[in-house]
Structures are given as C-alpha cells and as structure tokens.
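**Student:** I have a structure I would like to understand better, so I am pasting it below and will then ask my questions one at a time.
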Amino acid sequence: MSISLKESLQQIVLNNSKTSELVRFDHDINLPTDLGFDSIMLMKLITDIENEYDLVFDIEELEFERFCSFDALLHTVQSKIQRKGES
Amino acid sequence: MIHTILLESFRKYSDLVAIHCDGKEVTYTELYNQAESLTCQFSDLGVPKGSHICLFMSNCVEFISCFFAVNAYGSVVIPVQPNISMKKLSELCQAYHIGMIITKGSNAKISVEELKEYHCSASVYEVLENSISCKYSPYRPIHSGSLNNDLALILFSSGTTGRPKGIMLSNKNILSNVRAISEYLQLNQKDRLLLVKSLSHASSITGEMLVALLNGCELCITEKVITPSSISQIITKQSITVFFAVPSILNMIMYSRQRLKFDFSSLRIIHFYGEPISEHNLLEIDRSFPHVNLIYSYGLTEASPRVTYIPKEELLRKRGSSGKPIRDVQVRIMDEEGKIREQVHVTGLIGVEGPGVMLGYYNVNSTDQRGDRASLLITGDLGYMDEEGYLYVVGRKDNMFTYMGKNIHPEEIEKIITAYPGIKESVLKAEERNQTGAIRMVAEVVCENRTEVTKIELINHCKIYLEDYKIPHEIVFVDELERNPNGKILRKKG
C-alpha cells in the first residue's frame, strides 16, 4: 500500500528530529521551536528530502520561511514535485 | 585597526566586486562607502567610542559593512547568531555590557516586546544598506567604554565543554592572523571565495572574510538555507575557486546523491578546519577533487584562530598531522603543570605563543589558560610534535577519561575504527554503569551507504591496533552522529 506524500514527509521529518516523543501533525508544527531543528538538522532534512524525491532545490527556493514549519515544507515539496512532473 | 584592510583594498581594487550575495554584487568602493556612512551615523547618534555593539544578523552584506563601521569608529564588535531567544540576548547584553544591537529585519527575527519584557539594556537599530534606524531604546542604555583600547572583537566559544565564554581579540590579534593566513593561501584578485559558515565565528571573520577582502577577491555569501546542493550550486554558478568548510559539511557534499549534477572544476583550494578529518574521508575527497589543493588547519578562537596549517602534499605524506605553525606562531607541548617539554613524540598539552593569542576572557580573571610564560596559551588539546616540527593533535583533554586507571583518548580509538573500510565516522562515548560506577566504552559507528560491516569485524580490527583496555565494550551502528549547531560531534549524552 503506497503512502501519501504528507505521510512520507512526516516520516522524514520525524527521522531527522530530536524528539523521541509521539508527534501529532494535527496542527502546523514549527520545526525549530517544536521539534528542535537547528541549522545542521535543517540541512540534513532538506538533503534527505532531495534524495528521497530526487529533487534539487534551487538556491532561490531555499528561503528559511519555506522550510520552517511542516505545512510550509509540505507546500514547498508538493510544488517542487509538481513542477518537476510538468517539465 | 582592522578597517585599514578595507581602506587599502578600496584604494587598490575600487571597481572590483568585493561581495556577491544571492545575485547582488557590491564593489570595494560601494562597501567602503557603506561602512563610512554607517560610521558617520554612529557619531551623529552620539554612540560613545569603545561601545560594545552586537551584530545580530546572519551572513549578509550589511553584516560586513557594519563590522568595518564599528571597528573604524573605535568600538567593539560582538557578533551573535540570530537563532537565540530574546531572553538569552538580553542576558548577553547585560553580561557583556552591550549598548547597541544592530539587526537586519529580513534575516534576523527580533522581538522588541520581548526585549522590553526582559529589561534589555541595549538599544536596537535596524540596518538596511547604508542607513540605520532606531527600533527600540531603553530608558537608559548602557554604553561601556572598553577597558582595552585595542579590543576589537568579543567572540563566544562554541560551548561544547560548558558555558560559552567571551573571548576578547584585539586588532593586532586579528591582523596578524589575517596576514599569516594570506601568506599560505596565496590568493589573487581572480579568486572567488565561498563562505557558508556563520560570520559569528573567528574562522569565518579572520580566515575567510578578511583574508578575501585583503587580497581583492570576490567573497560569496548567501542569506539562504545552506545545504550540500545549495553549496554545490553556488560553486558551479559562481565559478568558486576557494571553498572553506568543516569536514562534516564536506562529507555531506561528498556523499550527496546530487553531487554529480554539479561542476566543481573551478575549485583550486578546499580549506577545511574545525574538526579532524579521517584518513579515509581525506583520500575520498582527494579522489573526487584531484585538481584541488586541500589545506587543513588547526586553530581555536583564543588564537584568532589559526595556529598551524598543512597543504595537500604534506597532508598525504604526514598522515594525521595538523601541520606546522603559521608565521610568527610557536607551538609548545607542555606537561600538566604547564612546563614546556622539548622531547618529540611525547604527548602533552598543546600551548600556543604568538601575536594571535587573545587578550583574555571577558570579565573572567583567570590565569588557568596560561602556561609557565604569561604569553603562552594552553589550548586544552593534547598532542605531540615530530622531529620535523609537525604537530599531531591527539584529542581534547576534556574528552579524556580514565578506564581501569589508564587514560583513554577517545579520538585515538575513533581513528582506528574509522580507518576500517566502509566506515564513515565514529564517536566513542564513556557511559557509567549504574550500580558499579565502572565505565563502559560504547562506539557509535556510521557506515557508508550500502556497506555491511559486522560488529565482530570491527572488534577484531581494534584488537590488531589497540591495547586490550582500549577496545570498546560495545559497537552500535547509527545512521548519523549527533552534532551541535556548529556541526561538532556531541560526545556526551543529554
């Protein structure tokens, strides 16, 4: 059974987070404040996302705001995958 | 004064590009004019000379122009990474007598409301290109004139071994280090340098920003999120010739699946520092970038920061060495009492003497960083010299622990483990057994992609090269090692 993009992204975020507690994605989660992401962890997260979905984020796309919360991240990845499919 | 670097370069390289930041180019003339304009505004605002001024922003053109402006004004730069809470920022202002915080709205989030709540004693100004405007001013801002006329910078230690300390560096400290680094890097006006680490570190300020600007180079920085592919994109698009990195970032680029999509042919130097690099990774980097001169350097903020360097041919010949001292710097090996040892191949505390040695720690009256001569800085690292004058860093004194009455340097064991084929990196942790209090050595090991190594293989490998008491009790395979925000491996739990 295939899992949705949202679920697979949640899994990547959880694998990269510091928390071992159960995280509920029922509201927008801020990666630095809620899950303890620092710059190195964010770097690793984006690298894992690029590898998982075979993407490369252009430098212009790497605005902090696009990656600082789960909803923003999901939107960024969804748009990127969509653009990749169209090209 | 440090700002003479910009003055000299403005005269020599006026129309050349000094800084490239996310598509925006600033020439030496423009950078000089921006800094000049800011210096005049400090005067107009009545900022007392010698004030402690915090630059609270991530890497951007304004950070660099403010840095020179504050220095030219005769005040003290205190760079702070903008990822700390307002409570912590207020505490820093109190402890380090900061009278003014300069921030940049687009890249540093500052909450004036919260600062008021914490009774922050500093005024807050926002900078945009060459002008600053006041965002918050307390009833009575503190402006502390510096006790030492030559004090230029206060930087914070990385805090891996306790509470960060404020390291005071003078104009003389910084200038001597910049000129010595410049001598061995041999840069020219055609070079484009990529700086990705935060400008709140001594290595970024001295070894990258100032060295680039002294030599008329183009310094490339970004306000975007740094990732291995964004670094690779900048190197490709900007035809970067010199790249500075800590080994962990280099490793991420090396092992990124996207690496082959980029062109690294413009690179001529990769300069790495900050943590040791394993022999295996060094050979991998050399194999991937055979045309590049790999330079490793050892240093610490307290020494402004570079102490030794070693170029590629020596790095491959003198495996595991950190090289020879840079110009005007002497490295000494000392015993526990701080007395200098003359013998080679004898491990002791590494001491540093020279013009880069800090003025001291801010508001800490301590002599425990000094050896038997007042000018000798005890680094806290352990190492030895060989007969040719090359330094070998064995590990941190703080990392050392005792097992069965014998000293264990975790780095020695990690080096052996990482040398095994298919091992990417490792860290040895000492865990206390709950009831007995005895130490249990656990090695956390990261394998390369698609490599299968067994625990038994690793233990047998350790038995060949290590004494019995140094063999880890347990090997744990992990996906990655835990690191602090500066990328340094965390050795202690919690």
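**Student:** Of all residues in the stretch B:190-207 being part of a helix (DSSP H, G or I) and hydrophobic (A, V, I, L, M, F, W, C), which is nearest to the chain's Cα centre (by Cα)?
**Tutor:** Within the stretch B:190-207, the first condition is being part of a helix (DSSP H, G or I), and the residues that meet it are B:202-207.
With hydrophobic (A, V, I, L, M, F, W, C) added as a condition, the list becomes B:202, B:205.
Working: B:Ala202: 6, B:Ile205: 9 Å.
Among those that are part of a helix (DSSP H, G or I) and hydrophobic (A, V, I, L, M, F, W, C), it is B:Ala202.
**Student:** So, one more: Return the residue satisfying two criteria in turn: it lies in the stretch A:25-75 and is facing chain B (nearest Cβ under 7 Å) and polar (S, T, N, Q), and of such residues it is most open to solvent (accessible area, probe 1.4 Å).
**Tutor:** Looking at residues that are facing chain B (nearest Cβ under 7 Å) and polar (S, T, N, Q), I get A:Ser39.
Residue by residue, here is whether (1) open to solvent by less than 70 Å² (accessible area, probe 1.4 Å); (2) assigned to a helix (DSSP H, G or I); (3) of a type in the set (Gly, Ala, Ser); (4) within 14 Å of chain A (Cβ to nearest Cβ) holds:
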{"position": "B:Met1", "(1), (2), (3), (4)": "no, no, no, no"}
{"position": "B:Phe10", "(1), (2), (3), (4)": "yes, yes, no, no"}
{"position": "B:Ile19", "(1), (2), (3), (4)": "yes, no, no, no"}
{"position": "B:Glu25", "(1), (2), (3), (4)": "no, no, no, no"}
{"position": "B:Glu30", "(1), (2), (3), (4)": "no, yes, no, no"}
{"position": "B:Ser37", "(1), (2), (3), (4)": "yes, yes, yes, no"}
{"position": "B:Lys49", "(1), (2), (3), (4)": "no, no, no, no"}
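**Student:** Take the conditions buried (at least 18 other Cβ atoms within 10 Å of the Cβ), of a type outside the set (Val, Ile, Thr), at pLDDT 90 or above and not assigned by TED's automatic domain parsing to the domain that holds B:Glu302 and apply them to B:Met86. Does it pass?
**Tutor:** No.
**Student:** While we're here: Give me the pairs: first residue in the stretch B:257-285 and assigned to a strand (DSSP E or B), second residue open to solvent by 30 Å² or more (accessible area, probe 1.4 Å) and not hydrophobic (A, V, I, L, M, F, W, C), beta-carbon distance under 8 Å, and six or more apart or on different chains, which are they?
**Tutor:** That search, which allows pairs on different chains as well, returns B:Ile269/B:Asn293; B:Ile270/B:Asn293; B:Tyr273/B:Gly299.
**Student:** Within the stretch B:224-240, take every residue that is more than 20 Å from the chain's Cα centre (by Cα) and within 20 Å of A:Lys44 (Cβ to Cβ) and give me the one that is farthest from the other protein chains (Cβ to nearest Cβ).
**Tutor:** The extreme case among them is B:Ile235.
**Student:** In the stretch B:297-335, which residue that is open to solvent by 20 Å² or more (accessible area, probe 1.4 Å) and among the hydroxyl-bearing types (Ser, Thr, Tyr) is nearest to B:Met358 (Cα to Cα)?
**Tutor:** The extreme case among them is B:Thr301.
**Student:** Tell me, please, whether a residue that is of a type in the set (Asp, Glu) and within 14 Å of chain A (Cβ to nearest Cβ) can be found in the stretch B:288-302.
**Tutor:** Within the stretch B:288-302, the subset of a type in the set (Asp, Glu) is B:302.
Keeping just the survivors that are within 14 Å of chain A (Cβ to nearest Cβ) gives none.
Scanning the stretch B:288-302, I find no residue that is of a type in the set (Asp, Glu) and within 14 Å of chain A (Cβ to nearest Cβ), so the answer is no.
**Student:** So B:Leu169 clears everything in (1) surrounded by fewer than 21 Cβ atoms within 10 Å (Cβ to Cβ); (2) closer than 28 Å to B:Val394 by Cβ except one condition, right? Which one?
**Tutor:** Answer for B:Leu169: the failing condition is (1).
**Student:** Scan the stretch A:16-28 residue by residue and report those that are modelled with pLDDT of 75 or more and closer than 26 Å to B:Ser198 by Cα.
**Tutor:** A:Asn16, A:Ser17
**Student:** Return the residue satisfying two criteria in turn: it lies in the stretch B:437-462 and is at pLDDT below 85 and open to solvent by 70 Å² or more (accessible area, probe 1.4 Å), and of such residues it is farthest from the other protein chains (Cβ to nearest Cβ).
**Tutor:** Filtering first and then ranking leaves B:Glu452.
**Student:** Answer with yes or no whether B:Glu113 is open to solvent by 20 Å² or more (accessible area, probe 1.4 Å), in the same structural domain as B:Gln41 (by TED's automatic domain parsing) and modelled with pLDDT of 90 or more.
**Tutor:** Against the criterion (open to solvent by 20 Å² or more (accessible area, probe 1.4 Å), in the same structural domain as B:Gln41 (by TED's automatic domain parsing) and modelled with pLDDT of 90 or more), B:Glu113 does not qualify.
**Student:** Just wondering, is there one or more residues in the stretch B:208-223 that are at negative phi, part of a loop (DSSP other than H, G, I, E, B), at the interface with another protein chain (Cβ under 10 Å from one of its Cβ atoms) and under 18 Å from the mean Cα position of the chain (by Cα)?
**Tutor:** Yes, that holds for at least one residue.
**Student:** Go through the stretch B:249-274 and report how many residues are within 11 Å of another protein chain (Cβ to nearest Cβ), out of contact with any helix residue (DSSP H, G or I) (no Cβ under 6 Å at 6 or more places or on another chain) and among the β-branched types (Val, Ile, Thr).
**Tutor:** Qualifying residue count, the stretch B:249-274: 1.
**Student:** Go through the residues of the stretch B:223-241 one by one and say whether even a single one is in contact with a Gly (Cβ under 6 Å, 6 or more places away or on another chain) and either without any contact (Cβ under 8 Å) to a residue 60 or more places away in the chain or closer than 29 Å to A:Arg66 by Cα (or both).
**Tutor:** So the first thing to find is which residues in the stretch B:223-241 are in contact with a Gly (Cβ under 6 Å, 6 or more places away or on another chain), and the list is none.
Looking through the stretch B:223-241, none of the residues is in contact with a Gly (Cβ under 6 Å, 6 or more places away or on another chain) and either without any contact (Cβ under 8 Å) to a residue 60 or more places away in the chain or closer than 29 Å to A:Arg66 by Cα (or both).
The values are calculated or read from the model by the stated rules, or taken from the named source; none is laboratory data. Because the structure is a prediction, the values reported are computed rather than measured. All Cβ positions, glycine included, derive from the backbone under ideal geometry; neighbour counts span all protein chains shown. Each accessible area value is taken on the protein alone, full model and side chains, heavy atoms only, with ligands, DNA and RNA left out. Shrake-Rupley method; radii C 1.70, N 1.55, O 1.52, S 1.80 Å.
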